[in-house]
Structures are given as C-alpha cells and as structure tokens.
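Asks: Below: one structure in structure tokens.
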Amino acid sequence: MARLADLMKSRAWRLDNLYRIQDKDGKDIRFELNPIQRQIDVSLWHRNVFLKSRQHGITTWACIRALDAALFRPDTACGIVAHTKEDAEAFFRNKIIFAYDRLPAWLRELRPIKRIDNRGELVLGNGSRIVVGVSLRSGTYQRLHVSEMGKMDESDPRRAAEVVAGALNTVPTDGVATIESTARVAHGHFHAIVSRAQRMARMVDAGQAVLSPLDYKFFFLPWMDDVTAVMDQEVELSPELLDYFGRIETESGRKISLPQRWWYAKKSEEQGEQMFLEFPSTPEEAFWVSSEGAYFARLIAKAEQDGRICNLPHIPGIPVNTFWDLGRSDSTAIWFHQQIGPWHHFIDFFEASGESAAFYAHQLQELASERGYVYGTHYVPHDANVADWSMGENQTRAQVLEGLGLKPLSVVPRIANVTDGIEMVRQVLARCRFDRVRCGERVPGSGRGGLPSLRAYRKAYNEKAQVYSQVPYHDWSSNAADAFRQFAQGYEPARRRVEKRDTGREAARTPRWMTA
C-alpha cells in the first residue's frame with residue numbers, strides 16, 4: 001500500500017494504469033497514453049490548440065485527464081464542450097462514467113459520487129466536478145476542453161462564437177484550455193485561433209516573443225504521427241505521389257517510410273480531395289479543402305496546389321482594372337487585376353467599411369502613387385446606379401465615383417440569378433493567379449482578406465433541416481466574393497471564355513438530331 005500510495009502521486013503512472021476505456025471494437029481495455037497523447041500531456045501550456053488529422057484519441061485523453069484532475073485535485077471544475085448534443089452525451093456516458101465505474105473499489109470509496117446528472121454533470125465528494133455539454137457559459141473551470149471546434153464553425157457559426165465568448169471566458173488566466181479539431185473551413189474562430197498560434201510560434205522560435213498565459217500554444221498532429229497509419233502490402237506509387245512525399249519530407253524534416261507511403265496511397269484513393277482535410281501532412285494543407293457548402297474553396301485549393309497563389313508582381317505598362325462591391329454601412333471591397341496573356345493576375349485587394357466615395361477614390365490614388373498602378377477600367381455592380389452616395393445633387397454612385405476621377409467606369413448589368421454569377425466565377429478561376437500577400441490576410445492572423453473571403457464564401461445552412469440551401473450566406477466574406485463576381489460577369493475576356501465554354505457544353509449535351 002505504501003508503494004501504491006507513492007505511485008499514485010504520479011499523474012503519468014495514473015494515466016497509464018488506473019483508468020479503463022472502450023476501444024474501437026467496444027472492448028473494455030486499460031487506458032495507456034499513446035505517443036501523441038504522452039507528448040501533449042507533458043507539453044501543455046495554459047492555452048493550447050491542436051490542429052490534427054483523425055484518430056489520435058485527443059478527446060479520449062481529454063476526458064480521462066479531466067477525470068484524473070477531478071479525482072486528485074479537490075474543488076476542481078473541469079468542462080468539456082462537444083460539437084453536438086449526441087457527442088456530449090457519448091463523452092459523458094461512454095468515457096467519463098465508464099472510466100469512473102471501473103476504478104478500484106477503494107478509490108471509489110475515497111472519491112464517492114455526490115451527485116450525477118445524466119445530462120452531463122458529475123460531482124464528487126471532494127468538491128470537484130466534471131460538466132459536459134455543447135456550451136458552457138456559467139461558472140469557472142480550471143480545465144476546459146473544446147472538441148471539434150472547426151465543425152462548429154462549419155455547421156453552426158453562432159455556437160462557435162458562443163464558445164469563444166462564453167466557455168473560453170470561464171477559464172482563469174492560470175487555468176488550462178485545450179481546443180482540438182480537424183480543419184473544416186478556412187475561416188471562423190478555430191481558423192483564427194490556429195493562425196494566431198502559428199504566428200506566435202514562429203515569433204517564439206525566432207526569439208522575438210514569449211508566450212503569455214493567454215497566448216495559445218500551437219500543436220500540429222499530422223497523419224504520420226498515427227502509428228496505425230501504415231500498411232505492409234506494397235503499392236505502386238505514382239510519380240506525383242513520389243514528388244509529393246519528397247516535398248513533405250523536405251518541408252517537415254522527417255522521413256516517410258514505405259509502409260506509411262503505401263497506406264497513404266490507398267487511403268487517398270478512398271478519400272479523394274478530402275484526404276487533405278482528414279489526413280493533412282502540413283498545417284497549410286489542412287485548410288486547403290473546405291466544407292461542402294463553400295462555393296470556391298476547392299478551386300482556391302487547386303490554385304494553391306498549382307502554384308497560382310504566389311508572389312505576383314505588378315507589371316508596369318499593363319493597365320490595372322478594378323472590380324468593386326459597393327457598400328456604405330456594409331463593406332466596400334475592391335480587387336486589382338491585370339490581364340497577362342490568357343491569365344488574369346489579381347495583384348491587390350482592398351476592403352473597408354462605412355467610408356465615403358471620396359475615401360475609396362483617395363485610396364486608389366494612393367496605391368497608384370505608391371505602386372505605380374495605371375488604371376484601366378473600374379467595374380462596379382448594378383447598384384452603382386443608386387443615389388445614396390450623393391451629397392444632395394441626386395447623383396448615382398457611379399456618377400459620384402466618376403466625378404472623383406475614377407474613369408472610365410463600367411456598370412456591370414444585374415443578372416437574374418446570383419447562382420449563375422457564382423458558376424461564372426467557378427469557370428474562370430482556373431485562369432486566375434493571386435498575389436499571396438496582398439490578396440491574402442490583411443492584418444495577418446485576422447482570417448480576413450481577399451483569398452480568405454473566396455475560401456469562406458458559402459451557402460446558407462438550414463440548421464433545422466440539416467442541409468445547405470441554394471442561396472449564399474451573407475457575412476464578412478460576401479463583399480469580396482461579390483466584387484470578384486463582377487469580374488466574371490463584367491470583364492469581357494473572362495465572360496467570353498465562360499460563354500464559349502457554356503456553348504460547348506450545351507452542344508455536347510444536345511443530340512445531333514436536335515441540331516440538324
């Protein structure tokens with residue numbers, strides 16, 4: 001008993017010997033930290049974010065860690081936020097209560113249950129408690145774990161915002177919060193936290209910053225860290241896969257074994273483009289493919305793969321066209337474009353909110369002076385014929401802009417169905433290149449900007465029916481996406497290419513006897 005009492009002082013020993021869980025087949029087995037769980041358990045900071053591939057057991061570790069803290073630290077409150085109500089019930093019943101019920105009898109006698117609420121709360125005799133739910137706002141939690149926050153951003157952005165404003169604020173500065181998820185969408189709260197944590201990690205590595213208790217420590221858990229992601233049967237590897245593995249080895253500084261390569265080859269056949277999302281090799285790759293509701297995310301991911309999101313300099317002597325979405329209380333977004341042969345180069349992006357027409361005219365003049373832009377045509381949407389920018393002279397927005405020197409100006413006609421314009425964007429994106437900095441995050445780590453908007457622009461989600469509707473969801477990403485749509489609808493070379501492609505497709509669908 002003296003030896004046992006000494007061992008029980010070690011959290012590492014308790015985690016490897018004291019608790020029982022159900023494995024993937026439902027068998028009752030002893031919980032033992034896997035290599036990834038062990039690594040993060042000894043490396044935790046006050047705030048932690050895990051961008052991960054599947055099957056690392058992070059939620060299981062978090063549930064057992066919460067139970068351990070409640071058992072061995074009196075008056076400790078632990079919270080776990082699940083993605084869905086069903087997940088919350090399963091975490092509570094199948095992980096926490098399952099493990100408690102299988103503790104040694106003497107330990108259950110020392111730490112009896114004072115109260116249990118099957119909806120998700122366990123209170124022990126030592127004053128500690130564990131609460132599992134979909135949103136924890138009240139009280140204080142010394143430990144908090146948020147599971148699959150990326151999925152919340154995808155299916156229920158309001159609840160993701162509630163977790164940030166509510167649950168995360170229940171953790172004191174010296175407490176411990178952990179957030180984990182696969183990447184789902186390249187926007188939202190999880191993406192923003194990951195981006196800030198990555199930027200801070202780079203600064204810490206460079207000796208330019210020190211983590212504060214409120215800074216998130218970044219953990220990336222790629223598929224290569226999963227010891228089960230191997231296969232002994234040999235698979236022929238394509239030249240493209242061999243190049244891919246070589247690039248990943250160079251970027252990550254780690255070797256990918258043949259069994260791992262064979263597993264990846266077969267798994268990627270099954271998963272297709274979802275492979276990047278479910279089993280990423282790099283943090284950047286994790287956000288390449290977004291949700292099914294996103295209009296352009298996969299096409300932007302393809303541009304990334306093709307090297308079309310790059311350092312894209314302004315080429316003097318070629319006109320710079322601008323494409324606008326106009327707003328006053330809402331944002332005004334502007335894309336800057338040059339036509340280089342068959343390619344459309346988007347070299348810059350600007351967005352602001354609540355400003356006057358004079359502000360945007362001055363901004364374009366400043367950019368022309370700083371960067372040598374010589375403007376071609378300024379394309380504005382059909383609502384430029386509205387007069388709400390006028391200063392008492394009943395001028396339309398277009399006339400106001402022209403009066404400020406933005407000439408020539410072209411008003412893009414309205415189309416009957418916005419989804420037709422979205423499809424026009426999809427068809428022309430393959431001929432587009434983007435400057436990765438000026439069209440990327442404007443304020444690095446903010447998650448906002450031209451390219452982030454195109455990645456984030458998506459269909460509205462009907463939470464009651466659990467399906468995506470056919471209309472766009474209006475949020476911060478809409479203005480930049482609508483401005484880009486003016487390019488697809490209004491710029492003649494782009495529109496001609498789309499119309500020619502549509503005509504060819506229609507002809508291919510039409511039986512010969514109908515065209516005779």
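The values are calculated or read from the model by the stated rules, or taken from the named source; none is laboratory data. Keep in mind that this is a model prediction, so the values were computed, not measured. Cβ coordinates were reconstructed from backbone atoms using ideal geometry, including for glycine residues, and neighbour counts include every protein chain displayed. When the accessible area is computed, the model is the full protein with side chains, heavy atoms only, and any ligands, DNA or RNA have been set aside. Shrake-Rupley method; radii C 1.70, N 1.55, O 1.52, S 1.80 Å.
Asks: Regarding the chain, what is the average projected area of its C-alpha convex hull, in nm²? Before the final figure, lay out the partial values.
Replies: Details: hull surface 128.2 nm².
Hull-based average projected area comes out at 32.0 nm².
Asks: Related question: Ignoring everything except DSSP H segments at least 4 long, calculate the 222 nm mean residue ellipticity for the chain; use -39,500 (n - 2.57) per segment, divide by total residues, nearest 500.
Replies: Taken over the chain, the calculation gives -11500 deg cm²/dmol.
Asks: For a quick check: with amide H placed at 1.01 Å from N, whose amide H comes under 5 Å from Gly449's, ignoring anything fewer than 5 positions away on the same chain?
Replies: Arg442
Asks: Continuing with the same structure: Positive end of the charge dipole of region 67-129 (Lys, Arg +1 and Asp, Glu -1 on Cβ, about the Cα centre): tell me which of Tyr100, Gly79, Ala90 has its Cα farthest that way.
Replies: Tyr100
Asks: Express the carbon and sulfur contribution to the solvent-accessible surface of the chain as a percent, rounded to the nearest whole number, probe 1.4 angstrom. Provide the component values of the computation, followed by the final result.
Replies: On the way: 12140 of 24420 Å².
Carbon and sulfur atoms account for 50 percent of the accessible area of the chain.
Asks: Can you tell me which of 72-85, 38-51 comes out highest on packing, and rank the rest after it, using the mean Cβ neighbours within 10 Å?
Replies: By packing density, highest mean first, the sequence is 72-85, 38-51.
Asks: Quick one: compute the contact order of region 215-316, relative version, from alpha carbon pairs under 8 angstrom and 6+ residues apart, as a percent.
Replies: On the way: 76 pairs, mean separation 24.5, N = 102.
Relative contact order comes out at 24 percent.
Asks: Under the rule of at least 5 residues apart or a separate chain, name every residue whose amide H is placed under 5 Å from the amide H of Arg433.
Replies: Residues meeting the criterion, in which the H sits 1.01 Å from N, are His344, His345, Phe346.
Asks: At 7 Å along the Cα-to-beta-carbon direction for both Arg3 and Gln274, put a label point, then send me their distance in nm to one decimal.
Replies: 5.0
Asks: While we're on this one: What's the ranking of 171-184, 257-270 by average number of surrounding C-beta atoms within 10 Å, highest first? Walk me through the intermediate numbers first.
Replies: Values: 171-184: 20.3, 257-270: 15.4.
Per-residue mean Cβ counts within 10 Å order the peptides as 171-184, 257-270.
Asks: Okay, next question. Taking a probe of 1.4 Å, how large is the accessible area per residue of region 99-213, in Å²? The partial results should precede the final answer.
Replies: Numbers: 5060 Å² over 115 residues.
Here the per-residue accessible area is 44 Å².
Asks: Under the 0.36 nm per residue contour assumption, what length would be gained going from the current alpha-carbon distance of Lys266 and Asn17 to full extension? Kindly include the intermediate steps, with their values, before the conclusion.
Replies: Details: separation 249, 0.36 × 249 = 89.64 nm, distance 3.57 nm.
Stretched out fully, the Lys266 to Asn17 stretch lengthens by 86.1 nm.
Asks: To check my understanding: the extent here is largest minus smallest coordinate of the Cα atoms along each principal axis. What are those three numbers for region 51-203, in Å, largest first?
Replies: Dimensions of region 51-203 along the principal axes of its Cα atoms: 48, 30, 27 Å.
Asks: Which shape class, rounded, prolate or oblate, goes with region 1-130 when its Cα gyration tensor gives a ≥ b ≥ c as root eigenvalues, a/c under 1.5 marks rounded, and past that a/b bigger than b/c marks prolate?
Replies: On the way: a/c = 1.41, a/b = 1.14, b/c = 1.24.
The shape class here is rounded.
Asks: Could you tell me how far the Cα centroid of region 213-252 sits from the Cα centroid of region 40-60, in Å?
Replies: With region 40-60 and region 213-252 each reduced to a Cα centre, they are spaced 17 Å.
Asks: Further question on the same structure: Length gain on complete extension for the stretch Leu241 to Thr84, per 0.36 nm per residue less the alpha carbon to alpha carbon distance? Let's see the in-between values first.
Replies: Details: separation 157, 0.36 × 157 = 56.52 nm, distance 3.63 nm.
My answer for the length gained is 52.9 nm.
Asks: In addition: Name the shape class, rounded, prolate or oblate, that the alpha-carbon gyration tensor gives for region 97-170, where a ≥ b ≥ c are the square roots of its eigenvalues, rounded holds for a/c under 1.5, and otherwise prolate holds if a/b is larger than b/c and oblate otherwise. Don't jump to the answer; show the numbers that get you there.
Replies: Values: a/c = 3.18, a/b = 2.23, b/c = 1.43.
Because a/c hits 1.5 or more and a/b exceeds b/c, region 97-170 counts as prolate.
Asks: Could you compute the FRET efficiency for Leu44 and Trp106, with r as their C-beta to C-beta distance and R0 at 30 Å, rounded to 0.05?
Replies: Details: r = 29 Å, r/R0 = 0.97.
In this case the efficiency is close to 0.55.
Asks: Within the set Lys24/Lys151; Lys9/Lys151; Lys302/Lys407, which residue pairs have Cα atoms separated by over 29 Å? Kindly include the intermediate steps, with their values, before the conclusion.
Replies: Details: Lys24/Lys151 22 Å; Lys9/Lys151 37 Å; Lys302/Lys407 35 Å.
Lys9/Lys151; Lys302/Lys407, as the Cα separations exceed 29 Å there.
Asks: Shape call for region 214-264 from the C-alpha gyration tensor, a ≥ b ≥ c root eigenvalues: rounded (a/c under 1.5), prolate (a/b greater than b/c) or oblate?
Replies: Details: a/c = 3.43, a/b = 1.75, b/c = 1.96.
In terms of gyration-tensor shape, oblate.
Asks: Continuing with this model, one more query. Hey, with R₀ at 30 Å, roughly what FRET efficiency would Arg426 and Glu234 work out to, going by the Cβ-Cβ distance, to 0.05? Write down the numbers at each step before the final one.
Replies: On the way: r = 39 Å, r/R0 = 1.30.
That gives a FRET efficiency of 0.15.
Asks: Lysines near Lys114 by alpha-carbon distance under 23 Å, same-chain residues fewer than 8 away left out - which ones?
Replies: Once the sequence-local lysines are set aside, what remains near Lys114 is Lys95.
Asks: Something else about it: Which semi-axis lengths, in whole Å and largest first, follow from the square roots of five times the eigenvalues of the Cα gyration tensor of region 14-63?
Replies: On the way: eigenvalues 85, 38, 14 Å².
Taking √(5λ) for each eigenvalue gives 21, 14, 8 Å, largest first.
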